[in-house]
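What follows is calculated from the coordinates using simple rules that are stated; it is not laboratory data. For clarity, every value in this text was computed on a predicted model and none was experimentally measured. Positions of Cβ are backbone-derived with ideal geometry, glycine not excepted, and every protein chain shown enters the neighbour counts.
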Amino acid sequence: MSVTEDTVARNRALQVEWYGEPLGDRVRPLLDRLGLSQSGLAGVLGLSAPMLSQLMSGQRAKISNPAVLHRLMAIEDLVADPAFDALTAAEIKARLAEIGAGPAATTSGLRRATSERIPAGEDPDDHGTHAGSREPARLVQALLREVASAAEIDAAADLIAERFPDLAEVLRVYGTGRTSEAEAHYARTVLGRLLGDRSAMP
């Protein structure tokens with residue numbers, strides 16, 4: 001192996017640790033489904049085309065801007081939506097423009113999204129995949145994986161598990177668990193508590 005190949009192998013391994021799989025494996029299906037070039041997708045994400053190419057090829061390991069990762073996950077949600085195949089090319093273009101223009105989410109934005117998306121009386125734990133649980137849960141995942149590796153998150157959870165088991169669980173679920181597990185946890189805890197508070201109001 002040359003030095004370059006060693007670097008690519010290491011970067012791809014880091015991407016698996018941070019993002020669940022190499023970024024090339026996450027991005028290529030999006031290009032196919034959206035009918036976009038790498039340059040077109042890079043524009044939506046807010047990256048230069050060479051930067052996206054380097055991330056996909058493993059020449060670079062990390063998405064340094066959390067807003068870019070947020071947009072990538074929003075695009076993945078768009079493509080995974082069962083209604084995607086019914087969208088026209090113009091509608092897809094408009095949705096991508098919205099994603100590309102959208103600001104990075106904030107804590108207040110997460111609270112607003114929760115309160116706006118969950119109607120009173122609706123079950124928040126729809127098998128852990130309620131629409132209102134997806135974006136906030138993924139954003140928490142993105143934040144944790146931006147600041148620490150899976151090994152570091154596990155080590156931190158081990159350190160506090162005895163005294164703070166619930167907090168350790170949050171670190172593990174959002175930091176190293178599957179996205180579906182994070183969504184189910186968010187729906188069960190945050191959204192469930194929110195609806196409980198609403199039902200108790202006069």
About the Cα centre, charge dipole magnitude for the range 1-104 (Lys/Arg +1, Asp/Glu -1 at Cβ), debye | 300
Where the centroid of each part is defined by its Cα atoms, how far is the range 50-72 from the range 146-181 in Å?
-> 24
Using θ = phi - 60° and Karplus 6.51 cos²θ - 1.76 cosθ + 1.60, couplings along the range 36-41 (whole Hz; Gly, Pro as x) | 9, 7, 4, 5, x, 5
Sorted by chain and number, the residues with a modelled amide H under 5 Å from that of Gly20, at a separation of 5 or more or across chains, are none
The ³J(HN,Hα) series, computed from each phi in the range 78-91 with the Karplus coefficients 6.51, -1.76 and 1.60 at θ = phi - 60°, rounded to the nearest Hz and given as x for glycine or proline, is 4, 5, 7, 4, x, 7, 4, 5, 8, 6, 7, 4, 5, 5
Highest first, please rank the peptides 143-156, 67-80 by the mean number of other Cβ atoms sitting within 10 Å of their residues.
-> 67-80, 143-156
In nm, spacing of pseudo-spin labels at Arg33 and Arg163 (7 Å Cα→C-beta vector) | 4.4
Rounded to the nearest 0.05, FRET efficiency between Thr7 and Ala90 (Cβ-Cβ, R0 25 Å) equals 0.05
Roughly how many nanometres apart are two label points built 7 Å out from the Cα toward the Cβ at Ala97 and Glu17?
-> 4.2
Over the Cα atoms of the range 1-104, what Rg and Dmax result, in angstrom?
-> 14.2, 47
